[in-house]
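Contents: one structure, followed by commentary.
The values are calculated or read from the model by the stated rules, or taken from the named source; none is laboratory data. Please read these numbers as outputs of a predicted model, since none were measured by experiment. When we count neighbours, we look across all protein chains shown, and the Cβ atoms used for this are built from the backbone with ideal geometry, even at glycine.
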């Protein structure tokens, strides 16, 4: 799937040389579905309609941004356990849309592949992260301890803060990384958890 932005005032559709790119910007991301690489081995973005967005005053109709660690099994219409849990959070918090991105873009249910993959993410993945973040109203990071790999979590956090986004988490692991939605044991996120600001 390839969408080009035709809004020439949109800086997300330009690279550092000012040339038009073939990537997505906030103007061209669809509301629902998923965006994969041409060979189908990488997922850059996933979007879902969550609910009617009526649970919390001031949130209704707004977009929730979630940045996880690695895309698992969810596709254009299929959901996996992580997405289902995140949709549950979004519905309880009253959001209408979910924009889901990840630190790493390799499409695999096994996070151990991050450590054997010579290229666990492409540079263009940052463009999708920033494009999704730019159109969302509330931003949550939830990549767990795997965010330490290649210092990827720290890099993406810097990128998002540099763009002026206020970041939130559901809590931190004992190693100081945003808790993953499927965390178990003492780190499990309660169903009624409220995101807290992360600076």
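A few comments on the model shown:
- Filter result for residue 150 (touching a residue at least 12 places away in the same chain (Cβ under 8 Å) and over 16 Å from the mean Cα position of the chain (by Cα)): yes
- Look at the stretch 174-191: where a residue is assigned to a loop (DSSP other than H, G, I, E, B) and a partner is at pLDDT below 90 and surrounded by fewer than 18 Cβ atoms within 10 Å (Cβ to Cβ), sitting 6+ places away or on another chain with Cβ atoms under 6 Å, you get 179/187.
- Filter result for residue 150 (closer than 23 Å to residue 171 by Cα, assigned to a helix (DSSP H, G or I) and touching a strand residue (DSSP E or B) at 6+ places or on another chain (Cβ under 8 Å)): no
- The lone exception for residue 170 - which of (1) buried (at least 21 other Cβ atoms within 10 Å of the Cβ); (2) under 28 Å from residue 40 (Cβ atoms) it fails: (2)
- Exclusive hit being under 15 Å from the mean Cα position of the chain (by Cα), under 23 Å from residue 33 (Cβ atoms) and in contact (Cβ under 8 Å) with a residue 12 or more places away in the chain, set 157, 100: 100
- Residue list for the stretch 53-66, restricted to those being modelled with pLDDT under 60 and either touching a strand residue (DSSP E or B) at 6+ places or on another chain (Cβ under 6 Å) or over 26 Å from residue 157 (Cβ atoms) (or both): 53, 54, 55, 57, 60
- Positions within the stretch 14-41 being crowded, with 20+ Cβ neighbours inside 10 Å, touching a helix residue (DSSP H, G or I) at 6+ places or on another chain (Cβ under 8 Å) and modelled with pLDDT of 55 or more, in sequence order: 25, 29, 35
- For the stretch 67-124, residues that are surrounded by 14 or more Cβ atoms within 10 Å (Cβ to Cβ), assigned to a helix (DSSP H, G or I) and touching a helix residue (DSSP H, G or I) at 6+ places or on another chain (Cβ under 7 Å) total 2.
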